[in-house]
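Input: a single structure, listed below in structure tokens.
The values are calculated or read from the model by the stated rules, or taken from the named source; none is laboratory data. Not measured: the values here are computed from a predicted model. Glycine also receives a Cβ, built like all others from the backbone with ideal geometry; neighbour counts cover every protein chain displayed. To get the accessible areas, we keep the full protein, side chains included, count just its heavy atoms, and leave off ligands, DNA and RNA. Shrake-Rupley method; radii C 1.70, N 1.55, O 1.52, S 1.80 Å.
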Amino acid sequence: MSASVVGADGRVAKKAKSDAAPPLPPNIRSVEFLREGMAHSMRFFSPERCVDPAGGYFHFFAEDGAVYDASTRVLVTQARFVFTFAVAYEHLGEAEYLAAVEHGVEYLCDGPLRNRENGAYHWVVKDGAPTSSKIFTYALAQTLLAYAAAVRVGVASARAYLDETWDLLETHMWDATHELYAEEADARWVVDPYRSESGNLHTCEALIAAYEATKERRFLDRAVLVADRCCNRQAGLTSGLVWEHFDEDWKPNLDFANDSEALTIFRPWGFQPGHQVEWARFLLTLQKYAPNIWFVPKARYLFDVATKHAWDDADGGLCYSIDLDGAVCNHDKIFWVQCESIGTAAMLAEATGDDAYWAYYDKLWAYSWDKFVDHAHGSWHRRMSRDHVKHFPEKTKLSLCVDPDFHILGAFAGAIMAMGP
């Protein structure tokens, strides 16, 4: 296997032919294959590698798994690790994953990320001290998801913190007038006028998980309400797709822009095909628990329109962003967009009986297997240019919200739920 070559612009050159992927197995439309995909991710994000005995998890890894920053902890990443280990335990059954969940919950609820002055959490800590204490619904949603996933696998100590996180969101971030969540506040809970679909997307996901863990109807009812307001009312303002950015009155902010690299990935301009596909996945999940006439048709619309416009006929894969006319405005290829689309395609195939979704699933797997799956080290490569030059050499970049394969585990679990008994 040839070594990666970093050019003068800091980008990593394309893989050499000797790094070609092995043949794609024939059983890709199976639960067994998807569970092997989960196990492939966990070979990289293993408890042995990721658990910090002093508390929490290490967050930042080179492509070969070496830790390159042992002291920075990000709230979203910590929460996502708990979820990843919980889903791995559910589907792979190894006791080490349950132990990792318990370890992560202890750090999340009682470690340096807790902001004891306001009852919430710090956004980032370095060497145990906070460097940012801004509050994001996006992050609280991931925290709620983590506690819900922990409760679901039997970590009883997480239940009180699940309820606490719901109360924080309900007290400080819920906008009862517009029936959606505000997105950010300062450490004194002064709410910013910016509104985001992304925070509501992940809150809907967390509410579904909270219902699965507790069977309490309040969580399911709120998930349905948030999904309806985003996918019907708000999407109705922008041709049926869910726009990313809104003002305080939930009018689309079509001019939203930022020049920060971190925020550009965190809050990009345009429609995100990956978010349309995630909404489709959550609507299909809600159809299981609270059947409604609009869930499946809307899931089909979001998936069909997003993937039609985002697919790159020249170089393959789904692009990151499209504009109001459906033209691609960011051609980058990012792993989570591909894996979320794989999971949702399988769910749509099962929900509708339409083999076109299986064909799309097959196409996405053929592309992702060749370009994104890291067959040497485990997990997937992260972000590439249109023609598949890596943006950075790390497996998890030092950034706002590292993903320890939270998207892969969640999307594949959704597909398995749809495909299984």
- Taking amide hydrogens as modeled 1.01 Å from N in the peptide plane, which residues meet the under 5 Å criterion relative to HIS178, leaving out close sequence neighbours? none
- Query: Accessible surface of VAL67 in the full protein assembly, 1.4 angstrom probe, to the nearest 10 Å²?
  - Reply: 60 Å²
- Message: Just the number please: accessible area per residue for region 264-376, 1.4 Å probe, all protein chains included, in Å².
- Response: 32 Å²
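For region 66-169, give the magnitude of the charge dipole about the Cα centre (Cβ charges: +1 Lys/Arg, -1 Asp/Glu; no others), in debye to the nearest 20. Let's see the in-between values first.
Working: 8 positive and 12 negative charges, 61 e Å.
So the magnitude is around 300 debye.
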- Before anything else, pin down the relative contact order of region 251-332: Cα pairs under 8 Å, at least 6 apart, normalised by residue count, whole percent. 28 percent
- Determine, from the Cβ-Cβ distance of ARG233 and ALA356 and an R0 of 35 Å, the FRET efficiency 1/(1 + (r/R0)^6), rounded to the nearest 0.05. 0.75
- Set the Förster distance to 45 Å, then compute FRET efficiency between ASP370 and ASP247 from the Cβ-Cβ distance, nearest 0.05. 0.60
- Query: Which value, in debye to the nearest 20, describes the size of the charge dipole of the chain about its Cα centre when Lys and Arg Cβ atoms bear +1, Asp and Glu Cβ atoms bear -1, and nothing else is charged?
  - Reply: 460 debye
- Stretched fully, the stretch from ASP192 through ASP387 gains (0.36 nm per residue minus C-alpha distance, one decimal, in nm) 66.4 nm
- Message: Could you tell me how far the Cα centroid of region 387-417 sits from the Cα centroid of region 37-54, in Å?
- Response: 14 Å
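Pop out the carbon and sulfur fraction of the accessible area of the chain as a percent, whole number, probe 1.4 Å. Show your work: numbers first, answer last.
Working: 8140 of 15740 Å².
Looking at the chain in its full context, I get 52 percent from C and S.
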- State the extension gain, in nm to one decimal, for the chain segment bounded by HIS178 and ALA99, taking 0.36 nm per residue of separation less the distance between their alpha-carbons. 24.4 nm
- Message: Can you tell me, using C-alpha contacts under 8 Å and at least 6 residues apart, the relative contact order of the chain as a whole percent?
- Response: 18 percent
- Task: Find out how many positive minus negative residues lie around HIS122, taking Lys and Arg as positive, Asp and Glu as negative, among other residues whose Cβ is under 11 Å from that of HIS122.
- Result: +4
- May I ask you to derive the FRET efficiency for ASP221 and ALA66 from their Cβ-Cβ distance with R0 = 45 Å, giving the value to the nearest 0.05? 0.45
- Query: Around GLU184, which amide H atoms from residues at least 5 apart in sequence, or from another chain, sit under 5 Å from its own amide H, with H modelled in the peptide plane?
  - Reply: THR137, ASP192
- Task: Tell me which label goes with the value of percent of Cα pairs over 41 Å apart computed from the coordinates here: [x] 36; [y] 8; [z] 15.
- Result: [y]
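On a full-extension model of 0.36 nm per residue, what is the gain between SER30 and MET419, subtracting their alpha-carbon distance, rounded to one decimal in nm? Show your work: numbers first, answer last.
Working: separation 389, 0.36 × 389 = 140.04 nm, distance 0.77 nm.
Full extension from SER30 to MET419 adds 139.3 nm.
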